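Below: one structure, written as structure tokens.
Nothing in this text is a laboratory measurement; each read-out follows from the coordinates by a stated rule. None of these values were measured; they are calculated from a predicted model. Positions of Cβ are backbone-derived with ideal geometry, glycine not excepted, and every protein chain shown enters the neighbour counts.
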Amino acid sequence: MSRGSGPRLSGATSTVRDMIETTTSSPTLPAPRASQEGRTRRRPALSPSRAGDFKQCPLLYRFRAVDRLPERRSTAQLRGIVVHAVLERLFALDPPLRRPERAHGLLADVVAELDEEERALLGDPAAAGALVNAYFAMEDPRRLRPEACELFLETELANGVGLRGYVDRLDVSPEGDVRIVDYKTGSAPREVFEARALFQLKFYALVLLRARGVLPRQLRLMYLADGQSLTHSPTVAELERFERTVVALWNAILRAAPTGDFRPNPGRTCSWCPHQAVCPAFGGTPPDYPGWPGTSPDASPDDALETAPP
Ligand code: SF4
């Protein structure tokens, strides 16, 4: 892993809706991912967000993926959604037009599309504008030719585990080298947490490897709050090890699924958990377990697919 602030390959574009998946209300912002349309019926599969939830706390995974309890979006989350939308739209422009002034115009457009409540939650758009400026300090989007923005990736591993997710930006160099880019609107993590930060991108790298047979040359996390980037060049052997980890994770989820035995794992991150009120670790009582999607005798197979965790 390495840190830096300069770009390397040729570019691509980025994502937004992953951040919305776990919340109740979606902003009226950017156009929905085109690839989502027509895909309302999906087999249960693992996304990096939900995999991370289960690793952190199995009960949190249950609340989000099975119960689908509503969550209030925070200002920071909404700001991230807005900035992702701006960058996505920026890369939809012809390269010479991708200038800071144009990006700030796109920011105004995105903010104008928010409803009143969302605008109040966002607060001063200048904070989002500062992140847009930080992006331009890290790379020049006029030099980049992304293969895709908001790219939906999906694959099924040999043992049947489905993996899916959206990549912020997929860069492909003229030589064919692939780079997966993810924007973060926070600051870079301390070194001890770098591996955790790269989990999401390794997940996408594995999906790309299995779906297309392509090993990404580089994974890049761009932290807009402090202008740092974290890069890593995965190997096939590393992704194969990662695959075994993901399979083990999914098997653990399936073991808990029939009875709903998703246990709380209290830790430092509980302070950010939106479900403390129903968590036994905090004196709460979880709602009755609704059952794993598709296990109700009355449910049709289609019901099961439509309620599968993202
Ligand atoms: S409060 Fe902590 S232990 Fe409880 S569900 Fe949330 S993350 Fe898990």
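Details
- Once backbone amide H atoms are built at 1.01 Å from N, Gln228 has Ala188, Tyr223 as its partners under 5 Å, excluding neighbours fewer than 5 places away on the same chain.
- Calculated on alpha-carbon atoms, Rg and Dmax of the range 84-128 in Å: 11.3, 35
- Rg and Dmax of the range 242-282, based on Cα coordinates, read 12.9, 35 Å.
- Magnitude of the charge dipole, the range 141-235, Cβ model with Lys/Arg +1 and Asp/Glu -1, debye to 20: 100 debye
- For Leu151, residues with placed amide H under 5 Å, excluding near neighbours: Val167
- Take the Cα of Asp115, step 7 Å toward its Cβ, do the same at Phe199, and the gap between the two points is 3.3 nm.
- Distance between the pseudo-spin-label points of Thr259 and Glu71 (7 Å out from Cα toward the beta carbon): 2.7 nm.
- The trypsin sites (Lys or Arg not before Pro) of the range 148-211 that meet both conditions, a loop assignment by DSSP and at most 15 other Cβ atoms within 10 Å of the site Cβ, are Arg190.
- Here the extension length gained between Val192 and Ser173 equals 3.8 nm, from 0.36 nm per residue of separation less the Cα-Cα distance.
- Evaluating 6.51 cos²θ - 1.76 cosθ + 1.60 at θ = phi - 60° for every residue in the range 105-120, the Karplus couplings come out as x, 5, 4, 4, 4, 5, 5, 5, 7, 6, 7, 4, 5, 5, 5, 5 Hz, glycine and proline recorded as x.
- Estimated inter-spin distance, Arg143 and Ala237, nm [label 7 Å along Cα→Cβ]: 3.3 nm
- Under Karplus coefficients 6.51, -1.76 and 1.60, residue-wise ³J(HN,Hα) of the range 285-290 in Hz, glycine/proline x: 10, x, x, 4, 5, x
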